[in-house]
Structures are given as C-alpha cells and as structure tokens.
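Heads up, the thing below is written out as structure tokens.
The values are calculated or read from the model by the stated rules, or taken from the named source; none is laboratory data. From a predicted model like this one, the values you see are computed outputs, not experimental measurements. Note: ideal-geometry Cβ built from the backbone for every residue, glycine included; neighbour counts use all protein chains shown. Surface areas here come from the heavy atoms of the whole protein model, side chains and all, with no ligands, DNA or RNA. Shrake-Rupley method; radii C 1.70, N 1.55, O 1.52, S 1.80 Å.
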Amino acid sequence: MTYCLFDTAFGVCGIAWREADGADAVPAVTRFQLPEATAAETESTLAELTRAEGAAAPPPVIAEVIEKIRRHFRGDLQDFSEVRVEPEGAGPFALAVYAAARNIPAGQVRSYGELARVLKRPAAARAVGQALGRNPVPLIIPCHRILGASGKLGGFSAHGGIATKARMLQIEGVVPGASGS
C-alpha cells in the first residue's frame, strides 16, 4: 500500500491505494484520511494505518480521485460511486453496508434503519452504524450521509466527530436536524 497527503479546502487529507495487478487494472483506494488537527497528525495516522514506509506520488487514476475530492470540498459536489475501493479488513456485511451507502447521492441522507432495510436486515440498524464507524474510506464511501432515525447526526469516528460530519453535510447543502434531512 502507498499513500500521499494533499491540501483541500477542508484541510490536509490523505489517501492510500493498492497498486493494480496487470496492465489494464486500476489502483484501488484502500483508505481515505480526513484532516486531523495538524498535517503531521494526518500523515502519522495514515502511515500507521497503512503500514507504509512513506508517502509517494499518486498514479494518474488516484490523482484524478484527489482532484475530485478537492472539488467536492470546494462545494462542487462529486459522484465517487465509480472510484474503485478495497476497504481493508471489511467483512461481507460491512462491504454490503458500504455498497448501499455509495448509492446515496451527495446532498441526500438516509437513516441507519433505512440502510438496514435496503440490506433486507431491518433489525440491523445498530450493526449498520458499527460498520460505518469502521469505514476506512469516508467521503468516497459516504458514511457522513447516514443519520439517526430522528435526523440526529449520530456518531462519526473522524477527528472532530460529529462537528466534522456536520461540516461535510453542510458542504453538500444538508442542514442536519432541518426538516427533510
């Protein structure tokens, strides 16, 4: 796995990827790191999670993903559903949760229960939340778009917690707690 850091309007982010095998294969995003308190902390967290020895220049496909992330955080909302991801350590249920979350367009939200029903596991709202709490590729797998049944933000495991989740939603035009969100 390889990673790099990059500046965005949201702060310094990081992305890790696995190189593709074969001439026609595309690298897969394995981690996306939202900003920590400092760029050094963002890099330290990403380096520890990826066990990579250091940062590297991204291949063209990953550079395109980085540019999409930059545009998104500037308010030019992007669709990340076609970005190839390989969430490291995710089991079958988590992968199903992530796939369902990726179908939620920018500017829209769902509840944990709604996502559980999409998965035909209506009693699994808590398990959905737990899977999303371990999401290694936030934004690209848009766990910030999942709210509690009452429209409350619920949890968010990135630095800054629910304040970060609220900022990400506000970029997408969602005002948490407002009717319709």
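Structural remarks
- Within region 49-75, the set of residues being under 20 Å from V26 (Cα atoms), in a loop (DSSP other than H, G, I, E, B), out of contact with any Phe, Trp or Tyr (no Cβ under 7 Å at 6 or more places or on another chain) and of a type in the set (G, A, S) comprises A56, A57.
- Filter result for the condition that a residue is part of a loop (DSSP other than H, G, I, E, B), in contact with a helix residue (DSSP H, G or I) (Cβ under 9 Å, 6 or more places away or on another chain) and open to solvent by 20 Å² or more (accessible area, probe 1.4 Å), over Q78, Q130: Q78
- Pick from region 153-174, criterion of a type in the set (S, T, N, Q) and free of Cβ contacts under 8 Å to residues at least 40 places away in the same chain, ranking: least open to solvent (accessible area, probe 1.4 Å): S157
- Any hit, region 71-86, residues being at pLDDT 95 or above and in contact with an Asp or Glu (Cβ under 8 Å, 6 or more places away or on another chain): yes
- Filtered by the rule that a residue be touching an Asp or Glu at 6+ places or on another chain (Cβ under 9 Å) and either under 18 Å from T164 (Cα atoms) or open to solvent by 20 Å² or more (accessible area, probe 1.4 Å) (or both), region 15-34 gives R18, A25, R31, Q33.
- Residues located in region 35-48, provided they are open to solvent by 30 Å² or more (accessible area, probe 1.4 Å) and within 15 Å of the chain's Cα centre (by Cα): E36
- Scan of region 6-43 for residues that are part of a strand (DSSP E or B), touching a Lys or Arg at 6+ places or on another chain (Cβ under 6 Å) and touching a residue at least 60 places away in the same chain (Cβ under 8 Å), ordered by number: T8, T30
- Test result for L46, of a type in the set (A, V, I, L, M, F, W, C) and either modelled with pLDDT under 90 or assigned to a strand (DSSP E or B) (or both): no
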